[in-house]
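The values are calculated or read from the model by the stated rules, or taken from the named source; none is laboratory data. From a predicted model like this one, the values you see are computed outputs, not experimental measurements. When we count neighbours, we look across all protein chains shown, and the Cβ atoms used for this are built from the backbone with ideal geometry, even at glycine. To get the accessible areas, we keep the full protein, side chains included, count just its heavy atoms, and leave off ligands, DNA and RNA. Shrake-Rupley method; radii C 1.70, N 1.55, O 1.52, S 1.80 Å.
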Amino acid sequence: MADIGYPQRRRHAGDCYTRFRQWITPAFSGISHHCLYVEKWIGDVMGIGTDMDQKLGWLGRQVAVAVAYGLVYELLRSMSFAHFVPVSGFKLSVLLLTPRRYWPALLISEMSVLAYTLESCIASFGWAFYLFSIIPPIAPLMIIVAACRARLPGLALPNFKLSSLLICTVISTVVLVADSLISASLILDPVGVGRKPLSVLMGDYLLGTYTGILAVTPLVLTAAFEWRKRRSLTAIWMNNKALLQATAFALVAMSVEVFAFSYSDNSTLRFAGQAMLLVPAAYFLMRWDWKGAAVVGALSSFGIVALMPAKFDLATLMTQTMMALSLTAFIVLGQQTAKLKQATKAKDNHLKKARLEQHLSELRLQRSSFELSFVNVELARAHRHLLIQLGHTHNRGEVETQKHHLTKTTRRLTELANSLAPPMGAGHPHALTEGPISELLAKLGVDYHVNLRGQLSLLSKSTFALLYRLSCEAVAYLLKEHPTDRIVLSTQTVIEDNVMTIALTVQSAGQIISSPARNRIMQELGTYDLGLEELRIRAQLFNGDVTVDGKQVYVSLQQEFITELD
């Protein structure tokens, strides 16, 4: 075949990719449509909830549970062997999810299956082995699960707690391993049937039971949790679409890998293929936390066993051990990551709500200030009209008294309006230079020096409004604790990684004077005489802080350009 040029190859690859997407997109989009039929089948055939009560009755429900459990149990039991026992994970999952009123049905079902399937082993293993082995291993598991639920919190859907689950898993593993060892020790002729020493079997059983639980239980609990939360296969698909699509692709990729490596006689190559199955679990952990690790961890566990050249293969045992340790770490790390993400998300939501409330509060103060100023003007106008009417009388003393009272009242109303919000708004840069701070300090005879540096024009109104309020609190603090005849206010900004940090410094830098009246400061600056901790809490609205060092007050705020509310 003749070689084609690079542009032609790229065009050919692009066409192939386009055709692939045209084929795969309808396939995935049709899943949500078919989910409706599957969901209806589950409700009609299995009889979920009240429908089950009406259709089957008590005895019918017990029989249905026993039959369903027996079928799945026998299927997974046929896939189990010494160092991989997925049926143990299935039993633990069923006990964690099934109400206790169905436990007798589970016990009878498992005992019936074991009694039937192990009958052929009597001739080789003896009656002692048979009679002990038909005792369902789920029976001691019931005791373990009931005891753990009584003493450990978080073992009931939907409030599962990872630490409690791990403790229950470890205890269940020990109990099941002990049951298997006792059963193996009762074999009539262990040498004749080729039974391995019990000390060796203990390690195999321990690995197989633990990996079997890790392969099945997290997956089943995840599915049960999603079903309880969504109550609809369609809703589950829509809320986990990316995860399910990625799982489908991972399943196809793993199947291809297992098919390709299964034809190799090179043990090193097979071991490499088994080790590669750890990678998807790690990726799904980073992408979807513990839920992704649970789903793909099960696929990886079965894939490792599928690549096994023979039972008790050393490379497979090593890979299973790595998978067991990795899955344990992945699930723990995934849950902690999920908790951290939820906490971070909750913190961000609370922060957004607090910033919005601060923004709305500033708007309310601005509106109240404007309305108060408007009322002041209208009151002054009406009062002047009355003074004009009084001017035609001979009582000039009364006119002068009313004029003085009018001037005093309008000045007080103006000061009150400015204390609520400066005329230009608390979010305007001139609020620091021409607002109530400069007016109050001028009345007190204090020299006010302002040095604004940095790109303050990039600040949002909410950020600058908070900076102004903290500046008023800083000035009020210095006038109360370190009053001098000169106050210096300066700002500086630094931009790094799309985040601007604003540093404001207020300093008493003059000769000591007497402290003004506290009420006067609070009234004219609109401050609340807050303590240092309260000021820090306000600064934390924008990831800032407030510190005091002698005669200096330092305020820092941060603004992310994308998320700020203007």
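Things to note:
- Sequence ranges 259-267, 327-335, ranked by mean other-Cβ count within 10 angstrom, highest first: 327-335, 259-267
- Length gained on full extension, VAL499 to GLU481, computed as 0.36 nm times the residue gap minus the Cα-Cα distance: 3.1 nm.
- Here the accessible area of segment 492-533 is 49 percent carbon and sulfur, with a 1.4 angstrom probe and all protein chains present.
- Computed [θ] at 222 nm, helices only, for the chain once each DSSP H run of length n ≥ 4 contributes -39500 (n - 2.57): -24000 deg cm²/dmol
- LYS311-LEU406 FRET efficiency (beta carbon distance; Förster radius 60 Å; 0.05 resolution): 0.05
- Between segment 102-149 and segment 316-393, the alpha-carbon center distance in angstrom: 60
- The protection proxy used here, the mean number of other Cβ atoms lying within 10 Å of each residue, ranks peptides 426-437, 188-199 as follows, highest first: 426-437, 188-199.
- Potential extension, SER78-LEU157 segment - 0.36 nm per residue separation minus Cα distance: 25.6 nm
- A Cβ-based charge dipole, computed about the Cα centre of the chain with Lys and Arg at +1 and Asp and Glu at -1, lands at about 820 debye.
- Cα pair distances of segment 171-247 binned at 5 Å [whole percent]: 3, 13, 16, 14, 10, 9, 9, 9, 7, 7, 3, 0
- Extension gain (nm, one decimal) between VAL375 and SER262, 0.36 nm per residue minus Cα-Cα: 31.9 nm
- Accessible area expressed per residue, the chain, with surrounding protein chains retained (probe 1.4 Å, Å²): 54
- Positive-end residue of GLN335, ALA474, ALA431, charge dipole of the chain with Cβ unit charges: ALA431
- FRET E, pair LEU356, GLU434, Förster distance 30 Å, beta-carbon r, rounded to 0.05: 0.60
- The portion of the accessible surface of segment 208-361 made up by carbon and sulfur, rounded to a whole percent, is 69 (1.4 Å probe; DNA, RNA and ligands excluded).
- Under the span-like rule (Cα at least 24 Å along the axis, Kyte-Doolittle mean at least -1.0), DSSP H helices of the chain: 6-41, 50-78, 162-185, 198-230, 241-261, 278-306, 314-391, 461-481
- For the chain, the direction-averaged projected area of the alpha-carbon convex hull comes to 46.7 nm².
- DSSP-defined beta bridges in the chain - what % are antiparallel, rounded to 5: 80
- Entries of LYS461/LYS551; LYS291/LYS339; LYS229/LYS291; LYS229/LYS347 with Cα pairs more than 20 Å apart: LYS461/LYS551; LYS229/LYS347
- Here the scattering of segment 420-566 is modelled by Debye summation over its C-alpha atoms, one equal scatterer each and no solvent; at q = 0.11 Å⁻¹ the log10 of I(q)/I(0) is -0.37.
- Taking a straight line from the alpha carbon of LYS403, these lysines sit under 24 Å away, with near neighbours fewer than eight places off in the same chain left out: LYS443.
- In this rough spin-label picture, where each label sits 7 Å from Cα along the Cβ direction, the LEU59-ARG367 distance is 7.1 nm.
- DSSP-assigned coil residues among trypsin sites (Lys or Arg not before Pro) in segment 404-504, each with at most 14 further Cβ atoms within 10 Å: ARG453
- The label point for THR98 and the one for ASN349, both projected 7 Å from the Cα toward the Cβ, are 3.7 nm apart.
- Cα-only Debye scattering, segment 110-247: base-10 log of I(q)/I(0) at q = 0.22 Å⁻¹: -1.30
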